[in-house]
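Since the structure comes first, as structure tokens, the remarks are kept for the end.
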Amino acid sequence: MGKIELKQVTKSFGDVQVIPPLDLTIEDGEFTVFVGPSGCGKSTLLRLIAGLEDITSGHIEIDGKDATNLVPAKRGLAMVFQSYALYPHMSVRKNIAFPLKMAKMDQAAIKKRVEGAAQVLNLTDYLDRRPGQLSGGQRQRVAIGRAIVREPSAFLFDEPLSNLDAALRVGMRMEISELHKKLDTTMVYVTHDQVEAMTMADKIVVLQAGVIEQVGSPLELYRAPRNIFVAGFIGSPKMNLISGAEAASHDAHTIGIRPEHIDVVESDGQWQGTVGVSEHLGSDTFFHIHNTGLADTLTVRAIGDVNLRHGDTIHLKPRTAEFHRFDAQGLRIA
Amino acid sequence: MARAVTPRRKALFTMIAWAIGLVIFFPILWTILTSFKTEAQAISDPPVFLFFDWTLENYSVVQERSNYMRFLWNSVIIAGGSTLLGVMIAVPAAWSMAFVPSTRTKDILLWMLSTKMLPAVGVLYPIYLIFIELGLLDTRTGLVIVLMLINLPIIVWMLYTYFKEIPGEILEAARMDGATLKEEILYVLTPMAIPGIASTVLLNFILAWNEAFWTLNLTAAKAAPLTAFIASYSSPEGLFYAKLSAASTMAIAPILILGWFSQKQLVRGLTFGAVK
């Protein structure tokens, strides 16, 4: 069990309200990702759920019970920190055993659980080492091990992969996703990386300035962003946003079209422009196009390696059915 | 690129360092040497350096005249007790200042340090009266309290500096793991700050051991530590340099030996956090 409900939760630091009244339900077993630019309040929100920060007003319920005033340890949650936050003076074994020792569990049971967790996380050979003797990825696994031995009702992850290099990050991403499938426990995950959010989440919560902009599955957010902020934040490369006459011709203040929804054609394109920087990835090519008369830069994704050079004229054909239309307030027009 | 140091330069620096070291150490060395001279040799002009008749007479006289062990024991209790009590009070204080600071934390730290700038004699009279009132005059308990209070600002400051180096996330992790505040301080914070705590303890033990103003003014016979033991040999009548030196050597020997064996720890603690 691990259903978390936030009801009219607010948080202020002094006179500054960082989280205006907010409601959110995280269902049992769900992998929920909080995503948003830095300073959007996503980590603060996670810390409020953890109990590491006190909420200013409102209620937090965990499994239907009021947890608003409970200390972190009594909430039945485990947390994995960005810096791993391992105890440097303890061996891996003692690190993982620490929450069980605090729970006054008997030695034999602790040993069994620690070894079980070590096996799941491939840490068996490292149990007697100190955290300082481990690589970044191994440390992260120890931090996860320390979280899973408690068998918490939910896991909280605060940007756990941002200290790892790119290759390791992809690997750990898969491991965490698999762990979620295996344990079938609620996970709340904070990241500023929308790729992490898209690949891991059952449900994404997009935050900006402490306000929830949209909640939905990755594909819901991709297909039907509720406003311009979400439209620009979800998807890589970013959605092209066009205003002015072109938008007006579609009865909108702003229209959005994703780079993958604009086709490069030989001639007779609806739009045309000059090729600026091109990024050749092999499988795809991203063109940054200028002088279209639509926006400063238009990003277009072409499949495979398309041979166009800097300064060439490019013809483009947008798939009009994929247009996202927004009104003057930036809200989606259905 | 690493800065190149030529062997000649290195030799020069080594010589300068040794010269400074010897200048600082010379008075202590002279005291130790004098303690092995006769009273006549101790005041001879020109002074004799190494070539004199070495004697242990001063030590046996000092030993006969006064009970060294009792002074030593008082010193150990007063220095050890005040340091221990100080650390017990300072650990929670430094914890709160380092991890849950308020807007006034910096002011409090500065105010605490400012009390060290007050000349001790300025508060001698009120403290003396309070001691009489509470019956603490010439008691070890009284001295433990006074020396603890006097060194507390330094202990808090040192511990605060070490605690600041410990990432708050680790303590939060402990809290998530179910540690109570006591367990968090006992199992996580303290072991991580051990080098810092050790050097704080050592430094304050040495400061308390050497403290003379309060120990001389607030004791008479019963609670007198080694500082009083030395002072009792510096009488205005008669010249007993050799005996005074013997007493001094006996008084500083324990702390000198302690300092010698813990110098690595002391240096490590004092530079703790300087290099990550």
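The values are calculated or read from the model by the stated rules, or taken from the named source; none is laboratory data. Just so we're clear, the structure is a prediction, and the values are computed from it rather than from any experiment. Heads up, the Cβs are rebuilt from the backbone with ideal geometry, glycines too, and the neighbour counts pull from every protein chain shown.
In table form, for the structure just shown:
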| quantity | calculated |
| --- | --- |
| Residues satisfying the stated conditions in segment A:55-86, i.e. facing another protein chain (nearest Cβ under 9 Å), part of a loop (DSSP other than H, G, I, E, B) and free of Cβ contacts under 8 Å to residues at least 40 places away in the same chain | A:VAL71 |
| Residue check, B:PHE52 surrounded by 15 or more Cβ atoms within 10 Å (Cβ to Cβ) and part of a helix (DSSP H, G or I) | no |
| Hits in segment A:259-282 (condition: on the phi < 0 side of the Ramachandran plot, part of a loop (DSSP other than H, G, I, E, B) and more than 33 Å from the chain's Cα centre (by Cα)) | A:GLU266, A:SER267, A:GLY269, A:GLN270 |
| Total residues in segment A:201-258, condition assigned to a strand (DSSP E or B) and of a type in the set (Asp, Glu) | 1 |
| Some residue of segment A:147-161 being more than 14 Å from chain B (Cβ to nearest Cβ) and surrounded by fewer than 22 Cβ atoms within 10 Å (Cβ to Cβ) | no |
| Considering residues of segment A:87-114 that are assigned to a loop (DSSP other than H, G, I, E, B) and within 17 Å of A:THR124 (Cα to Cα) only, the residue nearest to the other protein chains (Cβ to nearest Cβ) | A:MET90 |
| Only one of A:GLY145, A:GLY137 that is part of a helix (DSSP H, G or I) and at pLDDT below 90 | A:GLY137 |
| Number of the exception - A:ARG47 against (1) within 13 Å of chain B (Cβ to nearest Cβ); (2) surrounded by fewer than 17 Cβ atoms within 10 Å (Cβ to Cβ); (3) of a type in the set (D, E, K, R) | (2) |
| Single residue of A:VAL33, A:VAL80 found to be under 23 Å from A:GLU175 (Cα atoms), among the aliphatic types (A, V, I, L, M) and at pLDDT 95 or above | A:VAL33 |
